[in-house]
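Before any comments, here is the structure.
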Amino acid sequence: MDYLEMIRAVPAHRTALIEDSNCYTYGSIVRDADEIRHQSDLLDPGLEWIDEASVYGQLIQFLAYSGTNKVPVIISRETTRRPIPGSPVPSTACMGVLTSGTTGIPKIWFRTFESWHSFFPTQNHIFGINSSSRMLVHGSLAFTGNLNMYLSLMSEGASAITCSPVYPPAWNQAMVDYQANGVYLIPSKLRLLARTASECNPYIKTIVSGSQSLGLGDIRLLRTAYPNNQCTLYYGASELSFVSFIRDSQMNDDPACVGLPFPGINIMIKNNEISVDTPYRALGLPTPCSVGDMGYTGADGYLYLLGRKNNVYNIHGRKISASLIEHALMALDEVDEAAVTLEHGALTAYVVLNPQSEGTPAYLLMEQLKQRLNPYELPRRIIYTKELPKNSSGKPVPSLLSAADPH
């Protein structure tokens, strides 16, 4: 069994993908993927790098090679150099997925077909995805979350809707034009989507998000634009797949809260480091496994994520989590995005204000932070910026931030 055989079982006339007004059925995807597979030299095993601009181009090549001697790896067009695997390609691998964490340097992990496919029924049930789903998704399939979402939708015979421009008004229009009933976007894109909605859309029933924090202010914003939605935030990693999730109705004032484990997943915390026991991990990883994320279990039983171990700084003998400060900033109504870095021995917070709060003095944010953080956790300064540098998955890359004049 492979992903091409999976979608071959879906009725050929059903719509699989709408990209920039082009409609592709399951039948057309199978036909085009079959043509690539039959024309390719599949005898010699190895990696097959996929560098295509369109989602459709990425998808049909992935489907053509997955399950053959060639192991497909979709790379972002922003990737300046191809990652080198740390080990030989396993014989059971059906794909390679990339993760860059916060360093911007891609790493490659290999997965079996079963490591994702066997979990699709569980995740689709939790996310509210079924054969009638029509999900808006944006971005390259080089982002592991997007690739997983497309394949999970196709396991149900559902439809994905996407637009190539980074232009949220066009996303909202596509949702109306093609009768979307769900959305999968990272939080920073979700905020842009909701703010550019010209009118409320009552047809959106499910919103799925991950990779960044999501707060109650964001939930209120989404509820205004899409009043009938249920939002689910998940925590996961390319190496581990899905780890925990939380519904909007369960969220509290702390954006670090990422809920309870998915069924079949066990979470352990030792010395504030999160380890995960999961059968859905990438090949070659031990179990339990840690990707270096720090966190704790709260009194409510929920998992709270404090970010990567290398994002915890030792300042004057105290260990300070940059993610903790970022979460405190993100909980403020004025803030859209935040990233904290260590510069010259002190913490600097880079902040993107939401459009309604432009012109807010930085000292007002600092005064609010004093109510949420210990004195030694406060950043020395807050710098406003129009946007944060991000990797291909949409995660901020703090190492690319440079000092600027404070505001």
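The values are calculated or read from the model by the stated rules, or taken from the named source; none is laboratory data. In this text the structure is predicted, and so the values were computed from the model without any measurement. Every residue, glycine among them, receives a Cβ derived from its backbone with ideal geometry; neighbour counts consider all protein chains shown.
What number goes with the only condition from (1) under 25 Å from Val71 (Cα atoms); (2) surrounded by fewer than 22 Cβ atoms within 10 Å (Cβ to Cβ); (3) of a type in the set (Lys, Arg) that Arg111 does not pass? The number of the failed condition is (2).
Taking segment 312-336 on its own, how many of its residues are under 23 Å from Leu214 (Cα atoms) and assigned to a strand (DSSP E or B)? Step through it out loud before you land on a result.
Step one: list which residues in segment 312-336 are under 23 Å from Leu214 (Cα atoms), which gives 312, 320-336.
Going one step further and asking which of them are assigned to a strand (DSSP E or B), we end up with 312, 320-321, 335-336.
Total satisfying the criteria: 5.
Scanning segment 345-361 for residues that are surrounded by fewer than 17 Cβ atoms within 10 Å (Cβ to Cβ) and either part of a helix (DSSP H, G or I) or among the hydroxyl-bearing types (Ser, Thr, Tyr) (or both) yields Pro355, Gln356, Ser357.
Note on segment 321-368: among residues that are within 16 Å of Pro398 (Cβ to Cβ) and among the hydroxyl-bearing types (Ser, Thr, Tyr), the one that is nearest to the chain's Cα centre (by Cα) is Ser323.
For segment 246-261, residues that are crowded, with 22+ Cβ neighbours inside 10 Å and either in contact (Cβ under 8 Å) with a residue 60 or more places away in the chain or not in a strand (DSSP E or B) (or both) total 2. Applying the selection to segment 220-232, what residues are modelled with pLDDT of 95 or more, outside any strand (DSSP E or B) and not charged (D, E, K, R)? Scanning segment 220-232 gives Leu222, Thr224, Ala225, Tyr226, Pro227, Asn228, Asn229.
Among the conditions (1) more than 21 Å from the chain's Cα centre (by Cα); (2) surrounded by 15 or more Cβ atoms within 10 Å (Cβ to Cβ); (3) modelled with pLDDT under 95; (4) of a type outside the set (Gly, Ala, Ser), the only one that Asp32 does not satisfy is (3). Within segment 305-318, residues that are surrounded by fewer than 16 Cβ atoms within 10 Å (Cβ to Cβ) sit with their Cβ atoms under 9 Å from residues that are assigned to a helix (DSSP H, G or I), at 6+ positions apart or across chains, in these pairs: Ile315/Tyr376; His316/Tyr376; Arg318/Tyr376; Arg318/Glu377.
Considering Gly67, Gly57, the condition of being surrounded by 14 or more Cβ atoms within 10 Å (Cβ to Cβ) and either without any contact (Cβ under 8 Å) to a residue 24 or more places away in the chain or of a type in the set (D, E, K, R) (or both) is satisfied by Gly57 alone.
If you filter segment 172-193 down to residues that are of a type in the set (Gly, Ala, Ser) and at pLDDT 95 or above, you find that the one that is farthest from Thr232 (Cα to Cα) is Ala174.
Determine whether Tyr235 is assigned to a strand (DSSP E or B) and either surrounded by fewer than 22 Cβ atoms within 10 Å (Cβ to Cβ) or among the hydrophobic types (A, V, I, L, M, F, W, C) (or both). The answer is no for Tyr235.
The condition (being modelled with pLDDT under 90 and hydrophobic (A, V, I, L, M, F, W, C)) is satisfied by just one residue among Leu141, Leu153, Leu98: Leu98. When Asn271 is tested against the conditions (1) at pLDDT 95 or above; (2) exposed (fewer than 14 other Cβ atoms within 10 Å of the Cβ); (3) on the phi > 0 side of the Ramachandran plot, the lone failure is (1). Cβ separations smaller than 6 Å between residues 6+ apart or across chains give the following pairs from segment 349-366 residues that are over 8 Å from Glu334 (Cβ atoms) to residues that are assigned to a loop (DSSP other than H, G, I, E, B): Ala349/Pro379; Tyr350/Thr385; Tyr350/Leu401; Ala362/His407.
This table checks each residue for (1) hydrophobic (A, V, I, L, M, F, W, C); (2) touching a Leu at 6+ places or on another chain (Cβ under 7 Å); (3) modelled with pLDDT under 95.
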residue	(1), (2), (3)
Gly86	no, no, yes
Ile108	yes, yes, yes
Trp116	yes, yes, no
Arg134	no, no, no
Gly157	no, no, no
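Confirm whether Ala339 is outside the structural domain of Ser241 (by TED's automatic domain parsing), in contact with a helix residue (DSSP H, G or I) (Cβ under 7 Å, 6 or more places away or on another chain), in contact (Cβ under 8 Å) with a residue 24 or more places away in the chain and not in a strand (DSSP E or B). Taking the combined requirement at face value, the residue does not satisfy it. Here Thr79 passes the criteria (1) touching a helix residue (DSSP H, G or I) at 6+ places or on another chain (Cβ under 7 Å); (2) modelled with pLDDT under 95 except the one numbered (1).
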